[in-house]
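To start, the structure under review is shown below, and the notes come after it.
The values are calculated or read from the model by the stated rules, or taken from the named source; none is laboratory data. For clarity, every value in this text was computed on a predicted model and none was experimentally measured. Glycine gets a Cβ as well: all are built from the backbone with ideal geometry, and neighbour counts include every protein chain shown. These accessible areas exclude ligands, DNA and RNA; they are computed on the full protein's heavy atoms, side chains included. Shrake-Rupley method; radii C 1.70, N 1.55, O 1.52, S 1.80 Å.
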Amino acid sequence: MKPNIKNIAVLTSGGDAPGMNACIRAAVRTGIYNGINMFGVMQGYQGLINNNIIPMGARSVSNIIHLGGTVLKTARCLDFKTEEGMKIAYDNLKANDIDGLVVIGGDGTFTGAQRFSQRYDVNVIGVPGTIDNDLYGSDFTLGYDTAINTVIEAIDKIRDTADSHDRLFFVEVMGRDSGCIALRAAISSGAEAVLLPEKPTSLDELIEQLEIGAATKKSSSIVIVSEGHKAGGAYDIAKKVKERFNHYDTKVTILGHLQRGGSPSSFDRILGSRLGFAAINELLKGNTEQMVGLRGNEIKTTSIDEALTKHTFKLEADLLEMAKVLSI
Ligand code: ADP
């Protein structure tokens, strides 16, 4: 722990997520408000190694709260995983007199942050920034809400054509090993079924569900497939279903990277602002190796170690049950 921090840098790392800019803005302005010299590191840990570290003023974060992506850019940096890479990163931070670091990213970013702070005297606070919502210690991660909104906007459009042509659509959504996006997208778009990595659904179960829908005169069906589903991707599953269930013309849509971009929702702008504000306040208190997150409606800290190691099962039982009941 190292109190009396005077110079703080912010970086974004790993996959970009809407709301990162709101967080950068909040961190920079909170630091400046408290008399801290603020810096931005370009391209995540790569920027630490390349000494791509720039001073940031209150005006340098004007007009970014509504932008998706990250103005600081992000990168996957293999060199930071090595002892040599981390040493160069530390030397560059020291050369700039930086003693506090805010890292915005997912579990890979936090692993890097933890290893770094265990070796060097730089206080580090993590902000959960990933659309996957897969970190312990925050009910919602930055970008998750916007991603769901993007997904349902797309599915609403797919529904128009599915309904007009009596089609069965399999829509694959992102989330890695987490079905959070898929489940909420299924409920908000009125999907007929959802396949989640956390709750294996057999082909028999799925086909039975679709048959009930067809027998009760559903004119279209949409099945949401989470990318981490054990039975394979949407194309594989659609093929297997088609062999046994041919009431509808079957189509597949993979939403892919469009889910990562776009202007952040109000929720993500506010969450990003709260987390950026909280991250600086934690550094000012002398705290380190903590993640700031949202629990209930309060911002709380969790050790980065816990955030990384505690298993997270975020699919609420009532939502799972309700998704099934409402899709009849
Ligand atoms: P995310 O943060 O979205 O999970 P990644 O898994 O790509 O994304 O991690 C982002 C970056 O964090 C990596 O490119 C690397 O620079 C750093 N990182 C990941 N794992 C480690 C590690 N074990 N040690 C040091 N740095 C790491």
| Any idea what log10 I(q)/I(0) is at q = 0.26 Å⁻¹ for the range 125-207, Debye with uniform C-alpha scatterers and no solvent? | -1.30
| message | Before I look further, what does the chain give for accessible area per residue, probe 1.4 Å, in whole square angstrom? | response | 43 Å²
| message | I'd like the orientation of helix 144-165 relative to the chain: the angle between its Cα long axis and the longest Cα principal axis, in ° from 0 to 90, rounded to 10. | response | 20 degrees
| said: With angles folded into 0 to 90 degrees, how steeply does helix 234-244 sit against the dominant principal axis of the chain? Use alpha carbons for both and round to 10. | reply: 10 degrees
| request: Could you work out how far helix 83-95 tilts from the main Cα principal axis of the chain, as a 0 to 90 degree angle to the nearest 10? | output: 50 degrees
| remark: Out of Q290, Q43, Q118, a Gaussian network model of the chain with alpha-carbon springs under 10 Å gives the largest mean-square fluctuation to Q118
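May I ask what percent, to the nearest 5, of DSSP beta bridges between residues of the chain are antiparallel?
The antiparallel fraction comes to roughly 25 percent.
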| said: For the range 203-243, which trypsin sites (Lys or Arg not before Pro) pass both filters: DSSP loop (anything but H, G, I, E, B) and at most 13 other C-beta atoms within 10 Å? | reply: K217, K230
| field | the range 241-285 versus the range 172-199: alpha-carbon centroid distance in Å | value | 11 Å
| query | Just from its helices, what would the mean residue ellipticity at 222 nm be for the chain, if runs of 4 or more DSSP H residues each count -39500 (n - 2.57) and the sum is divided by every residue, rounded to the nearest 500 deg cm²/dmol? | reply | -13000 deg cm²/dmol
| Where the Cα atoms of the chain are projected onto their three principal axes, how long is each span, largest first, in whole Å? | 69, 37, 33
| request: Give the ranking of H66, H311, H229, H257 by solvent-accessible surface, highest area first, calculated with a 1.4 Å probe. | output: H311, H257, H66, H229
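Normalised radius of gyration for the range 145-260, please: alpha carbon Rg relative to 2.2 N^0.38 Å, two decimal places. Let's see the in-between values first.
On the way: Rg = 12.8 Å, N = 116, 2.2 N^0.38 = 13.4 Å.
Relative to the 2.2 N^0.38 Å estimate, the range 145-260 comes out at 0.96.
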| On the accessible surface of the range 145-260, probed at 1.4 Å, how many percent belong to carbon and sulfur atoms? | 49 percent
